[in-house]
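This report refers to the structure that appears directly beneath it.
The values are calculated or read from the model by the stated rules, or taken from the named source; none is laboratory data. Just so you know, these numbers come straight off a predicted model, no measurement behind them. All Cβ positions, glycine included, derive from the backbone under ideal geometry; neighbour counts span all protein chains shown.
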Amino acid sequence: MSRYSPADVEPKWQAAWAEAGTFAAERDESRQKYYVLEMFPYPSGRIHIGHTRNYTMGDVVARYKIAQGFNVLHPMGFDAFGLPAENAAMEQGVHPGTWTYQNIADMKAQLQPLGYTHDWSRSFATCDPEYYGQQQALFIDMLDQGLVYRKAAVVNWDPVDLTVLANEQVIDGKGWRSGAPVERKELTQWFFAISDFASDLLDAIDGLDSWPDKVKTMQRNWIGKSRGLKFTWELTEPAAGFDGIEVFTTRPDTLMGANFIGVSPDHPLARALEAGNAELATFNADCRRMGTSQEDLEKAEKVGFDTGLTVRHPLDPDWHLPVWVANFILMDYGTGAIFACPAHDQRDLDFSRKYGLPVVDTFFALDDATPVGDTAFVPPKSEPVRWVNHFAGLDVATGQEAIDTTIAFAEKNGWGEGVTQFRLRDWGISRQRFWGCPIPVVHCDTCGIVAEKKENLPVRLPDDATFDRPGNPLDWHPTWRNTTCPKCGGPALRETDTMDTFVDSSWYFARFTAPRAETPTVMEDAAYWMNVDQYIGGIEHAILHLLYSRFFARAMHICGHLPADATEPFDALFTQGMVVHETYSTPGADGRPVWHLPGNVVRGDDGAALSDGTPVEVGPLIKMSKSKKNVVDPDDIIWTYGADTARWFVLSDSPPERDVEWTASGAEAAFKHLARVYRVAAEIADAPEQGSGDEDLLRAMHKAIHDVTMGIESFGFNAAIAKLYAFANTLAKSKAGRETRAEAMRVMAQLMAPMTPHLSEEIWSMLGGKGLIATAPWPKSDPAYLVEDTVTLPIQVNGKRRSELKVAKDLDKDAIEALVLEDQAVQKALAGGAPKKLIVVPGRIVNVVV
RNA sequence: GCCCGCGUGGUGGAAUGGUAGACACAGGGGACUUAAAAUCCCCAGGCCGGAAGGCCGUGCCGGUUCGAGUCCGGCCGCGGGUACCA
């Protein structure tokens, strides 16, 4: 009897699938389609175990759907533009394209042995000119439709390297290479008008029935619809050309508790006042000397500056409030100005205490007004609160009633307006970088900004750019910028901004439906294949990528590239957990950490070291990422045990949606199990024809069909595998006749085939299965085998299990009650008395309350 | 800071509000073998007990319920996102 040898078996079946063209997807209107897609990888150079986990899940779905008879589209590509290629270019002197395409070749070579059903004939990388040229065509269409515009926006500016930095490149407020404190700088940039769709993007979330609730909640909160009041505080003395300050508040009901007006350091008034106020100019400059990220802004220590200006309260002209500039007020949200209510907002209270601003006592209370200490009372929106000192005549009301009443009051009296505000901002897509899709416009002295003609697309990146200094190589390329104006034919300069790489990944799913077309999509293909039936990817994309894709599907519909029913691109979404791993670092020469691969680190119980003994700093469990080098390569497992073991192991290891800490142990055990299944299959061929217990085996088989099918349907892959272990144990021990055992083994091979396709093909052919198991129809469970005649009911006394009762499945309640009362443990607990209550849940449990 | 998750034996984890710890890994014991490998069998949450059995137990505190890992409220810890990492 031969041993299970993946090195022989796996290439054989991969060749068989290729020869049969099993996984090439063709549009066929007579068949029902199924489109399964995993989020495509960034070509960092190596596949890591997180990718393996992601694609194996998708492959299980794809193979399961193929077995169910669907025409399955399962493509794969590369999200190939981005920063790491430029960093590599600077460090290694290699063109980003060379580096990227080499990585793609390496990763394809790693993916190929895993036996996935990916249709590589449809593959592309987003840095292919054929892809980004179509993206440029889309951009021009969107420009024509008024979905693109230019405005000023701030970026992180490295004053030493004279370059724009990504948030990731800002570490503790300093540039990652230069170490210089970053500044905020304003540039004119390109924007997509995603906020025009805020309302639709929000409302349509309700229709995403097969998306995880957590993702829908995050998207709702991100879009952030809120109703509030917009009104102006009139300055007591006009200043710097301003008569008043417009604010937006979601809590107008706290108006009577206002104690100061705060404006953002970037507010036009704050900027205008800088001219005559050197101290304020310094304060504002300090505020701007930090990263642009939301996290940095919100976590920074709250500081303020008193402008000396005052405003009048809208309800009492004699009530004057000071105007402060404060760093925690965001110019991007509302009007960039707020009024503070320290009694009912903790941040306002902290700020007021810090600067000694007088605090208006609480006027919402469960009782009378009480002085405010160090804790603000936030009036709940949904529960009634008693009001004190309120102007609108309300006594007891919920927060929401109070808000609505106040808005109505302001509108009636003409000093304010109820408005709906979204947190969602327009999408700035300009990047001052080389390795991205060039924005296809030119700047003409005569005509201004003009879109490139579509016949001139793609606007290609130059092959001869240099990367010997920071910044955007397109800016100092000797000739690339020079072009002619598409409108007047005169000399003009190309736009050197490239697009955010999120643009590339916002429509690739649509491109897969016609990947070689001369237009972004082909309507017939898009209409047939869209939507993606099952999308699978990391939870870290819950907001940005998924929201941008939803926006793009709408924009593409408006531009005539997608049908109306594809404006929600992903019918079902599954968010897998991330594979996390410790990080390992040693201090570098410049004080920044140098990261080390887990494979180069020897881990002890109380620390870790490099192989030469250098101690290593052990960091927390975080998602595997190239930049922190905490990645584990699946190749080792594949070389040692084969693809099926790797696939089986990443699925059995943990529930798919949960983060998983990678440990190497367990892969061997997975291999042992697969080898055992193979051995049992081989033994069955020599088994005696007659046996005993055939009925029991069939019962176990049908239960396995039922359980594994349910497991796959619900993404409970680890649970499905546990059922397969149990079925394997039963089958290995079964003394049933050869034919029954062979049937059971063939079914097991089918149930395992989505996870271990090569082994399953081998067993299938060994035991006389017809054709390829990959296309054999999925087995069906016979309900007659699933029903049990008797059932064991646990008996609880006061909720604690004390005994059990074996009864016929359909025994009625009264009969069960009678039997329960006869039970020894129950009698002991009752001590001659009667139970207070007897709860019988038929087929489930009995609880006796004494 | 804000939004969203997660927390169960030594480990990964299972459990439509109904017997907590399925199925595995590591571990212990045994069989086979000259031996090893491979394979097979048995044990195993903690505490007390020879056993029968009892008590405790799903991050912490409280609540709802006949019954809570599961639902609700409040904490603690960890992770993801935070608009230029992808």
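Results, tabulated for the structure shown:
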{"item": "Tally, over region A:423-463, of residues that are away from RNA strand B (no atom under 16 Å from the Cβ) and touching a residue at least 12 places away in the same chain (Cβ under 8 Å)", "result": "21"}
{"item": "Qualifying residues in region A:689-724 (those that are exposed (fewer than 14 other Cβ atoms within 10 Å of the Cβ) and either small (G, A, S) or under 22 Å from A:V61 (Cα atoms) (or both)) - the one nearest to RNA strand B (Cβ to nearest atom)", "result": "A:S714"}
{"item": "Complete set of residues in region A:57-71 that are closer than 21 Å to A:L751 by Cβ and either in a strand (DSSP E or B) or over 18 Å from the mean Cα position of the chain (by Cα) (or both)", "result": "A:D59, A:V60, A:V61, A:A62, A:R63, A:Y64, A:K65, A:I66, A:A67, A:Q68, A:G69, A:F70"}
{"item": "Residue ranges of strands (runs of 3 or more DSSP E) in region A:484-592 with at least 1 members over 20 Å from A:L37 (Cα atoms) and at pLDDT below 95", "result": "A:579-581, A:584-587"}
{"item": "A:N472 being polar (S, T, N, Q) and more than 16 Å from A:P96 (Cβ to Cβ)", "result": "no"}
{"item": "Test: residue in region A:585-594 that is away from RNA strand B (no atom under 16 Å from the Cβ), under 21 Å from A:P458 (Cβ atoms) and β-branched (V, I, T)", "result": "no"}
{"item": "Within region A:159-189, tally of residues that are within 8 Å of RNA strand B (Cβ to nearest atom) and under 16 Å from A:N472 (Cα atoms)", "result": "6"}
{"item": "Unique residue being within 23 Å of A:T292 (Cβ to Cβ) and buried (at least 17 other Cβ atoms within 10 Å of the Cβ) when the list is A:I171, A:I223", "result": "A:I223"}
{"item": "Residues (within 13 Å of RNA strand B (Cβ to nearest atom) and either of a type in the set (A, V, I, L, M) or within 34 Å of the chain's Cα centre (by Cα) (or both)) located in region A:725-751", "result": "A:Y725, A:A726, A:A728, A:L731, A:A732"}
{"item": "Residue under evaluation A:T249, criteria (1) at pLDDT 85 or above; (2) touching a helix residue (DSSP H, G or I) at 6+ places or on another chain (Cβ under 7 Å); (3) more than 16 Å from RNA strand B (Cβ to nearest atom), criterion not met", "result": "(2)"}
{"item": "Flag if A:V787 is under 44 Å from the mean Cα position of the chain (by Cα) and at pLDDT below 85", "result": "yes"}
{"item": "Criterion (without any contact (Cβ under 8 Å) to a residue 40 or more places away in the chain and farther than 15 Å from A:F512 by Cα) met by exactly one of A:S44, A:S30", "result": "A:S30"}
{"item": "Test result for A:D475, within 16 Å of RNA strand B (Cβ to nearest atom), among the charged types (D, E, K, R) and at pLDDT below 95", "result": "yes"}
{"item": "Checklist (1) of a type in the set (S, T, Y); (2) part of a helix (DSSP H, G or I); (3) within 14 Å of RNA strand B (Cβ to nearest atom) applied to A:Y42, failing item", "result": "(2)"}
{"item": "Identity of the residue in region A:263-281, assigned to a helix (DSSP H, G or I) and in contact with an Asp or Glu (Cβ under 9 Å, 6 or more places away or on another chain), that ends up surrounded by the fewest Cβ atoms within 10 Å (Cβ to Cβ)", "result": "A:A281"}
{"item": "Subset of region A:62-103 (residues that are among the β-branched types (V, I, T) and either surrounded by 19 or more Cβ atoms within 10 Å (Cβ to Cβ) or within 16 Å of RNA strand B (Cβ to nearest atom) (or both))", "result": "A:I66, A:V72, A:T100"}
{"item": "Close pairs (6 angstrom Cβ cut-off, 6 or more residues apart or separate chains): farther than 15 Å from A:M256 by Cβ in region A:345-359, β-branched (V, I, T) anywhere", "result": "A:S352/A:V359"}
{"item": "Every residue from region A:772-806 that is more than 12 Å from RNA strand B (Cβ to nearest atom), of a type outside the set (S, T, Y) and surrounded by 11 or more Cβ atoms within 10 Å (Cβ to Cβ)", "result": "A:L772, A:I773, A:A774, A:A776, A:W778, A:P779, A:D782, A:L786"}
{"item": "Members of region A:403-422 that are surrounded by fewer than 16 Cβ atoms within 10 Å (Cβ to Cβ) and within 16 Å of RNA strand B (Cβ to nearest atom)", "result": "A:T420"}
{"item": "Residue count for region A:511-527, restricted to those that are out of contact with any Asp or Glu (no Cβ under 7 Å at 6 or more places or on another chain) and surrounded by 19 or more Cβ atoms within 10 Å (Cβ to Cβ)", "result": "6"}
{"item": "Filter result (within 11 Å of RNA strand B (Cβ to nearest atom) and either of a type in the set (A, V, I, L, M) or surrounded by fewer than 18 Cβ atoms within 10 Å (Cβ to Cβ) (or both)) within region A:190-200", "result": "A:I194, A:S195, A:A198"}
{"item": "Any hit, region A:225-239, residues being under 30 Å from A:E401 (Cβ atoms), modelled with pLDDT of 95 or more and among the small types (G, A, S)", "result": "no"}
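Table: residues versus (1) touching a residue at least 24 places away in the same chain (Cβ under 8 Å); (2) surrounded by 15 or more Cβ atoms within 10 Å (Cβ to Cβ); (3) within 11 Å of RNA strand B (Cβ to nearest atom); (4) assigned to a helix (DSSP H, G or I).
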{"site": "A:A105", "(1), (2), (3), (4)": "no, no, no, yes"}
{"site": "A:A109", "(1), (2), (3), (4)": "no, no, no, yes"}
{"site": "A:P113", "(1), (2), (3), (4)": "yes, yes, no, yes"}
{"site": "A:G133", "(1), (2), (3), (4)": "yes, yes, no, yes"}
{"site": "A:Q136", "(1), (2), (3), (4)": "yes, yes, no, yes"}
{"site": "A:G146", "(1), (2), (3), (4)": "yes, no, no, no"}
{"site": "A:Y149", "(1), (2), (3), (4)": "yes, no, no, no"}
{"site": "A:A152", "(1), (2), (3), (4)": "yes, no, no, no"}
{"site": "A:V155", "(1), (2), (3), (4)": "yes, yes, yes, no"}
